[in-house]
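Report on the following structure.
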Amino acid sequence: MDTNAKNHLTNIYLYQVDLNLTISKQIWNHNKNLDIQYPSEGNIVNIEKVKKDIKLLNSFDKSSPTRLIAKTELLMQAEPFADVPSYDWAYEPVTMLQQMDIINGYENNEFKPERNITRAEFITMTANALSLKPVSTDLSFYDKNQIPDWASQSMQTAVQAGLIDGYEDGSLRPNQPISRTEIVTILVKGFHLPAATNYSLKYTDRDAIPNWAVNYVRTAATEGLVDGYEDGSFAPNNPAKRSEVASILYKAIMMD
């Protein structure tokens, strides 16, 4: 697609097919005018609005051609990370989250998908995804001075929102790699997913899931947010990779 065509596609209103008609002199309406109008400007959905709020895609059925066109256009507008090419399994979630300004990369336009993600990084991404209103609070964790400056506001907001509460020893461990169990717990809390306490987990290592997290993992599995590995395991205590987190977070955002 050439640049002019791409810009044209970006600017037109793709997602409304309403008509603006005035019908008069009809017997069935006693010759009164009948106005059928376009929605107001604020209700029209275009690419720029979808980019600001990707959940607008959920206004359309998952099989809708309009939804596919909108998502394709967003991906075409993106400048993908050099290390997440279009054929990579994580390309769509990583690129879409990038378009929404939920994730950032590193120098040389790299995302580093295989790098373990820290608690501070994940909390910042999640706070952005949930559009949490920033708050300031005096954290009591003894290692609060280890929180990177760029993550300080997000960590304070997450604590205030009840998404994280630290460890038994009074630490927050912001720079520690976050486990798969922890990310699932935070997302289930953040997106207020209904508990699935009766779901039977099929993972081969389900007994390794901490007791406090079992119902969170059940809920995430029920909602289709997480899958196991090829060997049937969930690896609850393994550090989560940046690509894995992007995939799970994108699924959570795109839930109907």
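The values are calculated or read from the model by the stated rules, or taken from the named source; none is laboratory data. This is a predicted model, so every value here is computed, not measured. Positions of Cβ are generated from backbone atoms using ideal geometry, with glycine treated the same way; all protein chains shown enter the neighbour counts. For the accessible areas, the whole protein counts, side chains as well, though only heavy atoms, and no ligand, DNA or RNA atoms are used. Shrake-Rupley method; radii C 1.70, N 1.55, O 1.52, S 1.80 Å.
What single numbered condition from (1) free of Cβ contacts under 8 Å to residues at least 40 places away in the same chain; (2) in contact with an Asp or Glu (Cβ under 8 Å, 6 or more places away or on another chain) fails to hold for LYS241?
Failing condition for LYS241: (1).
Of all residues being part of a helix (DSSP H, G or I) and either on the phi > 0 side of the Ramachandran plot or among the hydroxyl-bearing types (Ser, Thr, Tyr) (or both) in the range 233-256, which is nearest to the chain's Cα centre (by Cα)? Just the residue, please. Please lay out each step first, then the result.
As a first pass, look at the range 233-256 and keep what is part of a helix (DSSP H, G or I): 242-253.
Narrowing further to those that are either on the phi > 0 side of the Ramachandran plot or among the hydroxyl-bearing types (Ser, Thr, Tyr) (or both): 243, 247, 250.
Details: SER243: 13, SER247: 8, TYR250: 4 Å.
Selected residue: TYR250.
Residues being touching a residue at least 12 places away in the same chain (Cβ under 8 Å), in contact with a helix residue (DSSP H, G or I) (Cβ under 8 Å, 6 or more places away or on another chain) and open to solvent by 20 Å² or more (accessible area, probe 1.4 Å): count how many of those fall in the range 70-87.
Narrowing the range 70-87 to residues touching a residue at least 12 places away in the same chain (Cβ under 8 Å): 70-71, 73-84.
So of that shortlist, the ones also in contact with a helix residue (DSSP H, G or I) (Cβ under 8 Å, 6 or more places away or on another chain) come out as 70-71, 73-82, 84.
After this cut, where a residue has to be open to solvent by 20 Å² or more (accessible area, probe 1.4 Å) as well, the list is 71, 75-77, 79-80, 82.
Residues meeting the conditions: 7.
Based on what the data block shows, is ILE186 within 14 Å of ALA127 (Cβ to Cβ) and in contact with a Ser or Thr (Cβ under 9 Å, 6 or more places away or on another chain)?
Values: within 14 Å of ALA127 (Cβ to Cβ): yes; in contact with a Ser or Thr (Cβ under 9 Å, 6 or more places away or on another chain): yes.
Taking the combined requirement at face value, the residue satisfies it.
Which of (1) β-branched (Val, Ile, Thr); (2) within 24 Å of VAL94 (Cα to Cα); (3) surrounded by fewer than 21 Cβ atoms within 10 Å (Cβ to Cβ); (4) without any contact (Cβ under 8 Å) to a residue 40 or more places away in the chain is the odd one out, the single condition THR124 does not satisfy?
(3)
Just name the residue that is most open to solvent (accessible area, probe 1.4 Å) out of those in the range 104-120 that are over 14 Å from the mean Cα position of the chain (by Cα) and free of Cβ contacts under 8 Å to residues at least 40 places away in the same chain. So that I can check it myself, show each step before the final result.
Kept after step one, since they are over 14 Å from the mean Cα position of the chain (by Cα), are these residues of the range 104-120: 105-120.
From what is left, the residues that are free of Cβ contacts under 8 Å to residues at least 40 places away in the same chain are 105-110.
Numbers: GLY105: 37, TYR106: 71, GLU107: 151, ASN108: 130, ASN109: 70, GLU110: 60 Å².
Looking at residues that are over 14 Å from the mean Cα position of the chain (by Cα) and free of Cβ contacts under 8 Å to residues at least 40 places away in the same chain, I get GLU107.
Considering (1) in a loop (DSSP other than H, G, I, E, B); (2) open to solvent by less than 60 Å² (accessible area, probe 1.4 Å), say which one ASP101 fails and leave the rest.
Evaluating ASP101 over (1) in a loop (DSSP other than H, G, I, E, B); (2) open to solvent by less than 60 Å² (accessible area, probe 1.4 Å) leaves (2) as the failure.
If you go through the range 149-174, how many residues are touching a residue at least 24 places away in the same chain (Cβ under 8 Å) and aromatic (Phe, Trp, Tyr)?
1
Residue by residue through the range 171-209, note down the ones that are surrounded by fewer than 19 Cβ atoms within 10 Å (Cβ to Cβ), assigned to a helix (DSSP H, G or I) and not acidic (Asp, Glu).
LYS189, ARG206, ALA208, listed by residue number.
Can you pull out every residue in the range 127-145 that is without any contact (Cβ under 8 Å) to a residue 12 or more places away in the chain and either in a loop (DSSP other than H, G, I, E, B) or aromatic (Phe, Trp, Tyr) (or both)?
Taking the range 127-145 as the starting set, the residues that turn out to be without any contact (Cβ under 8 Å) to a residue 12 or more places away in the chain are 131, 138, 145.
Hits for the range 127-145 are SER131, ASP138.
For the range 210-232, how many residues meet the condition of being open to solvent by less than 70 Å² (accessible area, probe 1.4 Å), touching a Lys or Arg at 6+ places or on another chain (Cβ under 9 Å) and part of a loop (DSSP other than H, G, I, E, B)?
5
Tell me yes or no: at least one residue of the range 218-236 is among the hydrophobic types (A, V, I, L, M, F, W, C), free of Cβ contacts under 8 Å to residues at least 24 places away in the same chain and out of contact with any helix residue (DSSP H, G or I) (no Cβ under 7 Å at 6 or more places or on another chain). Can you show your working first?
So the first thing to find is which residues in the range 218-236 are among the hydrophobic types (A, V, I, L, M, F, W, C), and the list is 220-221, 225-226, 234-235.
Checking the rest, the ones that are also free of Cβ contacts under 8 Å to residues at least 24 places away in the same chain come to none.
Looking through the range 218-236, none of the residues is among the hydrophobic types (A, V, I, L, M, F, W, C), free of Cβ contacts under 8 Å to residues at least 24 places away in the same chain and out of contact with any helix residue (DSSP H, G or I) (no Cβ under 7 Å at 6 or more places or on another chain).
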